[in-house]
Amino acid sequence: MFDDLAAAGVAPGARVLEIGCGTGQATVSLAERGYRIVAVELGADMAAVARRNLAPFDAVEVVTAAFEEWPLPGEPFDVVFSATAFHWIDPAVRVSKSADALRLGGLLATVGTHHIAGGTWTEAFFVEIQKCYQRFDPSTPPGLRLETARDIVEDDRELTSSGLFGPATFCRYEWELPYSTADYLDLLLTYSGHRALPDVRRNALLSSIARLIDVDYGGQIVKRHLTELRIAQRVR
C-alpha cells in the first residue's frame, strides 16, 4: 500500500500531515520512506506511545489534538493521510480542512478496512456467530451477512461533491489474518460496541463465541479483510 502511495507521486522528503495516527503503526511505514510528518492524534495515551515508536525518526512530530480544532501551520502539506481514522472526523469539516492543509495539486490519501466474506468466515460460521450476538446484544440487526470485496462500492462522492478534489483513484488489497480463540476475544475487547455492553452481557457474549470457536473450529479462525487506499488530488 505504501509503495502504491509513493507511486502516486509522493517522493521522499514530501511533507505529510497524518490525521489520527494512533500508536503510529502506519506512521512508521511513512517515516521509513523519508517523509517529513506531522501526525495529529486526539488520544493523549496513544500519542505518547506513537512518540516512543517514532523516536528514531527526527522528521516526525506527533501533536496531541483534535484535527477539527488544530490550527493549520502556515506551510502547506504535500499529502494529507489518514489510516482508518478519517470517518471519525466531523463530516462538516474533514474534507474542507484537509484541502486547506494541502498545496494545490496535493493528495488526500485515506485508508479504509472492511471485514469481508472469506477465511473461516463462511456463511455457516457467520450465521452461528450472529446467533451469539442476537442473544446477548439487543442492538444486533437481524439478517446480517458479510459482503465480498466486489460488493463494496468505491466511493469518492464526498470528495468530488466538495469541488475541492478531483476523482479518486483506488488501490485494493485482500488479506487474511488467523486468530486463536484468546487472540480473537482480545480483539473484540478493543471494539467500542463490545466495551459498551453491560459486564454480564459482554462476558456471556464472549463465552459463547469462545465455545463456538473452540468446539466447532479447533480453537482458531481466519478473518478476511479488504484494505482500500483512496487517493484524490486537490484541484481548487
Inset, instruction - Kindly sort 80, 62 by accessible area of their heavy atoms, largest first, with the probe set to 1.4 Å. - result: 62, 80
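When the helix-only estimate is applied to the chain (DSSP H runs of n ≥ 4, each -39,500 (n - 2.57), divided by the residue count), what is the mean residue ellipticity at 222 nm, nearest 500 deg cm²/dmol?
-9500 deg cm²/dmol
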Inset, instruction - State the extension gain, in nm to one decimal, for the chain segment bounded by residue 210 and residue 162, taking 0.36 nm per residue of separation less the distance between their alpha-carbons. - result: 12.7 nm
Inset, instruction - Quick one: pull the percent of accessible area on the chain belonging to carbon and sulfur, 1.4 Å probe, ligands and nucleic acids left out. - result: 53 percent
Inset, instruction - Among 184, 235, 38, flag the residue with its Cα farthest along the positive direction of the charge dipole of the chain, charges on Cβ as +1 for Lys/Arg and -1 for Asp/Glu. - result: 235
Inset, instruction - Based on the mean of other Cβ atoms within 10 Å per residue, sort peptides 70-78, 203-211, 96-104 so the most packed one is first. - result: 96-104, 203-211, 70-78
Inset, instruction - Starting from the Cα of residue 155, move 7 Å in the Cα-to-Cβ direction to define the label point; list residues of the stretch 72-89 whose amide nitrogen is under 13 Å from there. - result: 87-88
Inset, instruction - Tell me the label-point distance for the pair residue 186, residue 66, using the 7 Å Cα-to-Cβ offset, in nm and rounded to one decimal. - result: 3.3 nm
Legend entry - Accessible area expressed per residue, the chain, with surrounding protein chains retained (probe 1.4 Å, Å²): 51 Å²
Inset, instruction - Just report the Cα centroid separation between the stretch 107-146 and the stretch 51-97, whole Å. - result: 30 Å
Inset, instruction - Among 117, 2, 67, flag the residue with its Cα farthest along the positive direction of the charge dipole of the chain, charges on Cβ as +1 for Lys/Arg and -1 for Asp/Glu. - result: 67
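The values are calculated or read from the model by the stated rules, or taken from the named source; none is laboratory data. All of these numbers come straight from a predicted model, not from anything done at the bench. All Cβ positions, glycine included, derive from the backbone under ideal geometry; neighbour counts span all protein chains shown. Protein only, heavy atoms only, side chains kept; ligands, DNA and RNA dropped before computing areas. Shrake-Rupley method; radii C 1.70, N 1.55, O 1.52, S 1.80 Å.
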